[in-house]
1. Among 220, 48, 103, which one moves the most in a GNM of the chain with springs linking Cα atoms closer than 10 Å?
2. If you take the C-alpha gyration tensor of the chain, multiply each eigenvalue by 5 and take the square root, what semi-axes do you get, largest first, in whole Å?
3. Fully extended, how many nm does the chain gain between residue 27 and residue 102 (0.36 nm per residue separation, minus their Cα-Cα distance)?
4. Could you please rank 132, 53, placing first whichever residue has the fewest other Cβ atoms within 10 Å of its Cβ?
5. Fully extended, how many nm does the chain gain between residue 140 and residue 206 (0.36 nm per residue separation, minus their Cα-Cα distance)?
6. Can you tell me the relative contact order of segment 126-232? Whole percent, Cα pairs under 8 Å, sequence separation 6 or more.
7. Roughly how many nanometres apart are two label points built 7 Å out from the Cα toward the Cβ at residue 126 and residue 157?
8. If you rank 163, 190, 107 by fewest surrounding Cβ atoms within 10 Å, what's the result?
Ligand code: NAD
């Protein structure tokens, strides 16, 4: 299976290159970066910190979509949607790990995924996907006298907040309670906030250092507190999850899938 890596010089992009090159059943179809990026023209093997491959970082996503069996992308929302459109034209399935889509961008993603099979997940790790299922069950079991607060911390370079994973955890908790997250979401608190509204799902965001990704969901009741959490210490878990999704998505019917389906949860 030939994998095309979009955003190949990014933190996730380089990790993906290494994992593709190390996998016996995968071949690197190529890697692309934003036009003008310093990595364009560099050898993809060297970029991954491995031996030279004789294959350079390009900028032509349409050509990469034609050359690859699956495109894997971790970049930014706007370019991701642009590239998804190119993937539909080439009929190439796609695995998307990009986060930070707004509501309009998310509907565009869903519409484009009617033409080709797409896996999109804000977090590709096995542990977090299990956590999502656990949070939904606990929220359903405990009810509104347990206040739900979601805490996340990531490295200082992350550009969107709360993290896609924190929002997915919020959605799982809201689903468990039978409400829509938008109606109960509280993002940041400062100054005179008044008392906590019943049923609110609160988010707290920390940024700093090289933290790969930490999430804790707190269920705070009277006299007891239940906490469910996940710590990622290595980006490889996301890359491996994405490649597992790539192996799974090839040959599926068109549509938008999540890691729940890929992992069979
Ligand atoms: P990063 O900034 O290190 O890398 C993003 C790369 O995309 C950069 O190299 C950038 O130049 C490139 N890019 C931007 N526009 C492009 C374009 N038009 N064409 C080609 N490449 C382009 O960021 P990162 O830490 O690798 O994270 C990327 C995204 O993945 C973020 O949204 C992040 O939240 C998400 N992420 C998801 C998971 C998951 O499991 N789903 C895990 C980690 C990160």
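Values quoted throughout were computed directly from the atomic coordinates according to the rules given, and no laboratory measurement underlies them. Remember, it's a predicted structure, so these values are computed and weren't measured experimentally. Cβ: placed from backbone, ideal geometry, glycine included. Neighbour counts: every protein chain shown.
1. 103
2. The equivalent ellipsoid of the chain has semi-axes of 35, 19, 16 Å.
3. Computed gain between residue 27 and residue 102 is 23.7 nm.
4. Placing the least packed residue first, the sequence is 53, 132.
5. Length gained, residue 140 through residue 206: 21.0 nm.
6. Contact order relative to length: 40 percent.
7. Going from the residue 126 label point to the residue 157 one covers 2.7 nm.
8. Ranked by crowding around the Cβ, least crowded first: 190, 107, 163.
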